[in-house]
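Worksheet: the structure to be examined is printed underneath.
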Amino acid sequence: MLRRPSFGLAEIAWRWSFGAACLLLLLFSWIEYLDTLPVTRLDLLMLRSRQPALISEAISHIFHGSGLRVVETFIVLSATLAIGWILLASLARAATVKSLIGYFQTLPEVESREIEPSRFRSLLGLNFLRVASALAATIGGVAAFVLAGLVSTPKKPAPASAFLLFASVLMLVWIAWSITNWFLSLASVFSVARGQTTFSSISSSVALIRHRPGSVFAAGTWFGLAHLTAFVVSTSVVAFPLGFIGFLPGSMVFGGVLLVTLLYFAVADFLYIGRLAAYVGILELPYHPPEPVIATAPLPPATPSFSVDPTELILSDVPAPG
């Protein structure tokens with residue numbers, strides 16, 4: 001991550017390009033949606049009246065009956081962006097993992113070997129499963145909100161119980177999604193490095209954790225702590241420009257917040273490619289398992305021997321004086 005910053009820059013390039021394309025697509029879709037809304041002269045008059053009741057009535061009339069178009073637009077955009085992300089993420093992951101493998105094979109302690117051709121279909125399957133798990137997590141979050149609403153009703157309000165249920169279910173959903181996404185992300189390394197299929201890559205990632213849990217856990221823990229530190233620092237720094245809301249123009253405050261946010265995303269992408277490089281290193285670098293230590297019981301202390309020498313004369317064998 002530090003010796004070859006080009007890996008991190010490549011990760012930033014494809015991720016930010018996709019993010020910018022998403023924002024532009026959402027912006028253009030919103031503009032096109034606003035053009036379809038009917039606005040009469042009466043609505044304009046009510047909007048310019050500066051009366052809250054008349055303004056709300058005009059807005060309600062303008063957006064009346066447009067909910068179906070919003071739902072249709074959301075479905076089309078979600079499906080299109082999901083397909084685009086699957087294709088782009090598969091291409092980018094194949095390129096980055098191949099580059100990482102090539103970097104490790106330049107090291108003297110790594111035995112050079114021919115890199116097997118990556119299975120692009122396997123990467124497509126893994127990224128499809130990642131999108132499916134994200135969709136399932138979203139549905140789980142909505143289900144948590146619905147369950148919390150069933151606990152607290154207008155007749156029997158229980159806000160504390162509702163919040164506790166909502167937070168518990170949401171935390172379980174997030175943990176399940178995080179573990180699933182982590183396994184699928186690790187499986188992409190086997191798909192590129194070993195040319196395995198989708199489910200074989202997932203099986204190999206589980207086997208790696210079973211055989212080398214210490215190395216995998218250490219890499220995930222240290223990079224996770226670094227990511228958490230970056231998040232805490234960025235949330236603390238972002239409060240600095242927000243403190244000048246009443247003294248500086250809004251554009252300058254927004255620019256400061258945007259700059260801190262972009263720096264955090266850049267650090268997060270560098271940490272992600274660093275963790276991925278750590279997993280590739282675990283596969284490529286030679287592994288020397290520790291030799292088992294056989295514990296032996298200490299020998300008891302030697303006891304002095306009191307056996308009698310048969311050649312030595314004793315008093316009974318000495319003749320009496322005559």
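Tabulated data for the structure shown
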| quantity | calculated |
| --- | --- |
| Residue 43 charged (D, E, K, R) and loosely packed, with under 12 Cβ neighbours inside 10 Å | no |
| Output for region 141-182, where each listed residue is surrounded by 12 or more Cβ atoms within 10 Å (Cβ to Cβ), among the polar types (S, T, N, Q) and more than 30 Å from residue 198 (Cα to Cα) | 152, 161, 168 |
| Neighbours by Cβ (under 8 Å, 6+ apart or cross-chain): first from region 101-125, on the phi > 0 side of the Ramachandran plot; second surrounded by 10 or more Cβ atoms within 10 Å (Cβ to Cβ) and modelled with pLDDT of 80 or more | none |
| Pick from region 25-41, criterion among the hydroxyl-bearing types (Ser, Thr, Tyr) and assigned to a loop (DSSP other than H, G, I, E, B), ranking: nearest to residue 93 (Cα to Cα) | 36 |
| Filtered residues of region 193-214 (kept if in contact with a helix residue (DSSP H, G or I) (Cβ under 6 Å, 6 or more places away or on another chain), in a helix (DSSP H, G or I) and modelled with pLDDT of 85 or more) | 198, 201, 202, 204, 205, 209 |
| Test result for residue 167, touching a helix residue (DSSP H, G or I) at 6+ places or on another chain (Cβ under 7 Å), farther than 22 Å from residue 132 by Cα and in a helix (DSSP H, G or I) | no |
| Inter-residue pairs, beta-carbon under 9 Å, first without any contact (Cβ under 8 Å) to a residue 40 or more places away in the chain and not assigned by TED's automatic domain parsing to the domain that holds residue 15 and in region 73-85, second part of a helix (DSSP H, G or I) and of a type in the set (Phe, Trp, Tyr), 6+ apart | none |
| Pair list, Cβ under 8 Å, 6 or more apart: region 1-23 residue assigned by TED's automatic domain parsing to the domain that holds residue 96, other residue of a type in the set (Asp, Glu) | 8/269; 11/269; 12/269; 15/269 |
| So residue 177, is it of a type in the set (Phe, Trp, Tyr), within 22 Å of residue 95 (Cα to Cα), in contact (Cβ under 8 Å) with a residue 12 or more places away in the chain and out of contact with any strand residue (DSSP E or B) (no Cβ under 9 Å at 6 or more places or on another chain) | no |
| Some residue of region 171-183 being under 26 Å from residue 125 (Cβ atoms), assigned by TED's automatic domain parsing to the domain that holds residue 276 and of a type in the set (A, V, I, L, M) | no |
| Which listed residue is outside the structural domain of residue 122 (by TED's automatic domain parsing), aromatic (Phe, Trp, Tyr), in contact with a helix residue (DSSP H, G or I) (Cβ under 7 Å, 6 or more places away or on another chain) and not in a helix (DSSP H, G or I), from 244, 223 | 244 |
| Residues located in region 130-164, provided they are of a type in the set (Ser, Thr, Tyr) and assigned to a helix (DSSP H, G or I) | 133, 138, 161 |
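Matching residues to (1) of a type in the set (A, V, I, L, M); (2) assigned to a loop (DSSP other than H, G, I, E, B); (3) at pLDDT below 80:
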| position | (1), (2), (3) |
| --- | --- |
| 8 | no, no, no |
| 16 | no, no, no |
| 23 | yes, no, no |
| 43 | no, no, yes |
| 50 | no, yes, yes |
| 54 | yes, no, yes |
| 71 | yes, no, no |
| 74 | no, no, no |
| 77 | yes, no, no |
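Every residue, every condition in (1) part of a helix (DSSP H, G or I); (2) over 30 Å from residue 193 (Cα atoms); (3) outside the structural domain of residue 13 (by TED's automatic domain parsing); (4) in contact (Cβ under 8 Å) with a residue 40 or more places away in the chain, yes or no:
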{"residue": "248", "(1), (2), (3), (4)": "no, yes, yes, no"}
{"residue": "255", "(1), (2), (3), (4)": "yes, yes, yes, no"}
{"residue": "262", "(1), (2), (3), (4)": "yes, yes, yes, no"}
{"residue": "269", "(1), (2), (3), (4)": "yes, no, yes, yes"}
{"residue": "273", "(1), (2), (3), (4)": "yes, no, yes, yes"}
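The values are calculated or read from the model by the stated rules, or taken from the named source; none is laboratory data. If you're wondering where the values come from, they're calculated on a predicted model, not measured in any experiment. Don't worry about glycine lacking a Cβ; one is built from the backbone with ideal geometry, like all the others, and counts go over all protein chains shown.
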